[in-house]
Amino acid sequence: MSTPKKAPRVLSLPAKAYLVLYNVIQFLGWSFILYKMVDHFTNKGLKVTGLWEQVEIPLLIFQSAAVFEIVHSATGIIPSNVGITFAQVFSRVFLLWPILYYVTETRDQFGFPLLLVAWTVTEVLRYLYYILNLLSAVPAILQWCRYSFFIILYPIGITGELISCYCALPYYSITQEFSVLLPNKWNFTFNFYYYIVLVMLAYIPVFPQLYGHMFLQRKKILGNKKQD
Amino acid sequence: MEIGILSTSGGKQLATLTVDPNSTLKELKTQIHRLKSHLYPDRQEFRQEPRGKGLDESKTVAALGLKDKSKLYLKDLGPQIAWKTVFLTEYAGPLFVYAWIYTRPWLFYGEDAASQPMSQVSHIAAICWVFHYSKRILETLFVHRFSHATMPVRNLFRNCAYYWVFAAYVAYHVNHPLYTAPCQIQSYIALGFWTVCELGNFSIHWLLRNLRPPGSKERRIPRPTKDPLTLLFNLVSCPNYTYEVGGWVAFTAMTQCIPAGLFAFAGFYQMVIWAIGKHRSYKKDFKDYPRGRKAIIPFVL
């Protein structure tokens, strides 16, 4: 997700302690979601029904909490670009609330488990990596996982996200919820249905860039090891 | 003497040119074009360092201090397109898109829309919009003197998307059957203000044209002339942008339409960036540049 820049940053002790705490809480939260998810698949097989109920509360809490990371990047305690962090967090929160939470039909379709697997595995790895990175104790295997798993998880995740968005469209087309219609004094309209379509279309230019960026990072970070 | 030409990406040797000290970089570009047919002169930029500043092509080899076996870096600016072509495409689009949506096509509004009444403001807004872009096209053809002949083709698609999509966005709302006009007094006052801004913007363009002798790339400090609308130069470096923003704010007030306001804001944001760059450039190039001038907003920015 948020990728580190080159120069090691000098963090004050309170900032470092805070980040370790934040990442530990996230790691525990997402590990719990992972557990519930695996538990569901073990007992129910590949059935989608009931999966949302298993993970709903921790998912809403811990994924929403990611907005803190926008603040972290804005204040500079993490070295990520604010714009990129914002885009990444926004896409998650967008999927989570107006799509999955609001439109109950989206919890019963194939896209949901796809995105849940991608999100959960990615986040457990990512937050563990951040914790150990702050303590300068990242084992090579974890680094490899963090910069390799994305290769299949990214495409799986965005497939799930796009399918879920598509499933939510009929609801917003019919209810016109979150939309502003004419006539009004300010001659302003906002059509949430079309907004979802716009977000889906945005994946076309954005995904290759993010995916490509991860590959570059992988080459930079894992590639160096090979030269030893 | 021989000059080695190296690529800015990778430092690879592209060519070795035989030149005399009085050859201009422009002549060198012609030589390179003969060697590499895809690198027409407008696509070439010489630099003394791979990431250095682009060199003025009218300078001679000797003036740059180059000797035998010296090296110059060449950057490929990518496929280029003439500024004029860019502007005409960028401005014709919004003009026709708005005019088309003004007719309330069924594609946007459904079958019954065209026959429904339209408020006076919507008619006036369409005239203003068409006038504004016609003026821009005419200025591009007859008024502006461009310091650089071309720009990268990539920009064309990005810029056109911006202009065309925003034109459709604003037009859709102002011409909508359910559009609500603000009170007439507001619209008329805003229209008056808009007119002044259009005239002001043109006055500045005219002044800038006459500031630069034809065929030259010379830069001089712009100062107010007899035209009172140019007095804004006493307060800002880029009054053309000030008037442009003023015009769009007026259009927004006239139509009381948030989409128009968003368009005005987007333009404002971009013009602030350009104005600050120009302002800094003026201050750097002219030791006697008038202090007290701001970039785009009098007394403020």
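When the residues of the stretch B:34-50 are filtered to those that are assigned to a helix (DSSP H, G or I) and surrounded by 15 or more Cβ atoms within 10 Å (Cβ to Cβ), which remaining residue is farthest from the chain's Cα centre (by Cα)?
Of the stretch B:34-50, the ones assigned to a helix (DSSP H, G or I) are B:34-35, B:41-43.
Checking the rest, the ones that are also surrounded by 15 or more Cβ atoms within 10 Å (Cβ to Cβ) come to B:41-43.
Working: B:Pro41: 22, B:Asp42: 18, B:Arg43: 19 Å.
The qualifying residue farthest from the chain's Cα centre (by Cα) is B:Pro41.
The residues of the stretch B:232-269 that are over 26 Å from B:Tyr172 (Cα atoms) and of a type in the set (Val, Ile, Thr), listed by number, are B:Val236, B:Thr242.
Elements of the type helices (runs of 4 or more DSSP H) sitting completely within the stretch A:139-228 and holding at least 1 residues that are hydroxyl-bearing (Ser, Thr, Tyr): these cover A:150-175, A:192-226.
Residues in the stretch A:1-36 that are among the aliphatic types (A, V, I, L, M), under 25 Å from A:Trp97 (Cβ atoms) and at pLDDT below 95: A:Met1 alone.
From the list A:Ile131, A:Ile156, A:Ile99, A:Ile141, pick out the single residue that is closer than 25 Å to A:Gln209 by Cα and surrounded by fewer than 21 Cβ atoms within 10 Å (Cβ to Cβ).
Details: A:Ile131 fails: closer than 25 Å to A:Gln209 by Cα; A:Ile99 fails: surrounded by fewer than 21 Cβ atoms within 10 Å (Cβ to Cβ); A:Ile141 fails: closer than 25 Å to A:Gln209 by Cα.
Every option except A:Ile156 fails the conditions.
B:Arg209 meets all of the listed conditions (1) surrounded by 15 or more Cβ atoms within 10 Å (Cβ to Cβ); (2) assigned by the TED database to the domain that holds B:Gln120; (3) touching a His at 6+ places or on another chain (Cβ under 9 Å) but one, namely (1). Residues that are farther than 25 Å from A:Tyr22 by Cα, of a type in the set (Phe, Trp, Tyr) and in contact (Cβ under 8 Å) with a residue 40 or more places away in the chain do occur in the stretch A:94-104, at least one of them.
For the criterion of being more than 14 Å from chain A (Cβ to nearest Cβ) and buried (at least 19 other Cβ atoms within 10 Å of the Cβ), B:Thr195 fails. When the stretch B:15-43 is filtered for residues that are β-branched (Val, Ile, Thr) and under 20 Å from B:Gln80 (Cβ atoms), the ones remaining, listed by number, are B:Thr24, B:Thr30, B:Ile32. Go over the candidates A:Ala202, A:Ala168 one by one and state the one that is within 14 Å of chain B (Cβ to nearest Cβ), surrounded by 12 or more Cβ atoms within 10 Å (Cβ to Cβ) and either in contact (Cβ under 8 Å) with a residue 24 or more places away in the chain or of a type in the set (Gly, Ala, Ser) (or both). Testing whether each residue is within 14 Å of chain B (Cβ to nearest Cβ), surrounded by 12 or more Cβ atoms within 10 Å (Cβ to Cβ) and either in contact (Cβ under 8 Å) with a residue 24 or more places away in the chain or of a type in the set (Gly, Ala, Ser) (or both) leaves just A:Ala202.
Condition (residue is closer than 30 Å to B:His173 by Cβ, surrounded by fewer than 15 Cβ atoms within 10 Å (Cβ to Cβ) and either at pLDDT 95 or above or away from every other protein chain (no Cβ under 14 Å) (or both)) applied to the stretch A:217-227: is it met by at least one residue? The answer is no; no qualifying residue exists.
Please enumerate the residues belonging to the stretch B:243-258 that are over 13 Å from the mean Cα position of the chain (by Cα) and either more than 14 Å from every other protein chain (Cβ to nearest Cβ) or over 17 Å from B:Ile124 (Cα atoms) (or both).
B:Tyr243, B:Val245, B:Gly246, B:Gly247, B:Trp248, B:Val249, B:Ala250, B:Ile258
As a summary of the residue check, B:Leu72 satisfies the conditions (1) over 23 Å from the mean Cα position of the chain (by Cα); (2) hydrophobic (A, V, I, L, M, F, W, C); (3) in a helix (DSSP H, G or I) except for the one numbered (3).
The values are calculated or read from the model by the stated rules, or taken from the named source; none is laboratory data. Predicted model, so just to flag it, every value in this text is computed and none were measured. A quick note on method: Cβ atoms are made from the backbone with ideal geometry, for glycine too, and the neighbour counts reach across all protein chains shown.
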